[in-house]
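A short write-up of the structure that comes next.
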Amino acid sequence: MKFKYTILYVDNVSETLSFYEQAFALERKMLHESGDYGELLTGSTTLSFSSVDLLKQLGKTPSKPNFHTPTFEIAFETDDVKTALSKALKAGALLVQDAEDMPWGQTIAYVTDNNGFLVEICTPVSNQP
């Protein structure tokens, strides 16, 4: 078995794809003609978005994200957190935590995306103490 994709439920899939393209320099893989489902190219795992309306049609009731009480986060790795953070903020991300060096050898920052989902921008974990 392999981890294939994550789907986040959003009000507007097209706007969300555009936000991620601008904020995190990700490439759009596809947007279904209905506008209710789309994917971004992110490596071997796909980051997907589905409309809240489509999920409701399937008998589910998704809750709205709340970065104060997150149940998960999306993490993007980069060698330059400060530059990536600046780009995300210019694209409309909201700052949750500014770039900070952690004791385990990683620099991290947190923002929310245009839907309120928590996004971590981080460097690789260093092997140095």
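Quick note: the coordinates plus some simple rules give every number you see, no bench work behind them. What you are looking at is a predicted structure, and each value in this text was computed from that prediction instead of being measured. All Cβ positions, glycine included, derive from the backbone under ideal geometry; neighbour counts span all protein chains shown.
Karplus-derived 3J(HN,Hα) values for region 87-99, using 6.51 cos²θ - 1.76 cosθ + 1.60 with θ = phi - 60°, are 5, 5, 5, 5, 7, x, 5, 10, 5, 10, 8, 5, 4 Hz; glycine and proline are entered as x. Around the amide H of residue 46, modelled in the peptide plane, lie the amide H atoms of 5, 6, all under 5 Å away and 5 or more residues distant in sequence or on another chain. Once the Cβ-Cβ distance of residue 90 and residue 54 is raised to the sixth power relative to R0 = 30 Å, the FRET efficiency obtained is 0.50. The phi-based Karplus calculation (6.51 cos²θ - 1.76 cosθ + 1.60; θ = phi - 60°) puts the 3J(HN,Hα) values of region 30-40 at 6, 9, 4, 4, 6, x, 8, 8, x, 9, 10 Hz, whole numbers, x for Gly and Pro. Largest mean-square fluctuation among 115, 12, 66, in a Gaussian network model of the chain whose springs join Cα atoms under 10 Å apart, belongs to 66.
Largest mean-square fluctuation among 116, 59, 38, in a Gaussian network model of the chain whose springs join Cα atoms under 10 Å apart, belongs to 59. Computed from backbone phi, the HN-Hα couplings of region 73-85 come to 9, 9, 10, 10, 9, 8, 7, 9, 4, 4, 5, 5, 4 Hz, rounded to whole numbers (Karplus: 6.51 cos²θ - 1.76 cosθ + 1.60, θ = phi - 60°; Gly and Pro given as x). Amide hydrogen proximity for residue 26: with H placed 1.01 Å from N in the peptide plane, the residues at 5 or more positions away or on another chain lying under 5 Å are 21.
Given R₀ = 25 Å, what would the calculated FRET efficiency be for residue 34 paired with residue 4, taking r from the Cβ atoms and rounding to 0.05? For residue 34 and residue 4, the calculated efficiency is 0.75. With springs only between Cα atoms under 10 Å apart, run a GNM on the chain and tell me which of 62, 103, 70 wobbles the most. Of 62, 103, 70, the most mobile in the Gaussian network model is 103. Tell me the trypsin sites (Lys or Arg not before Pro) within region 1-101 that lie in a loop according to DSSP and have at most 11 other beta-carbon atoms within 10 Å. Here the trypsin sites (Lys or Arg not before Pro) that fit, given the DSSP loop and packing criteria, are 2, 4, 60.
Between the helical axis of 13-24 and the longest alpha-carbon principal axis of the chain there is an angle of about 10 degrees.
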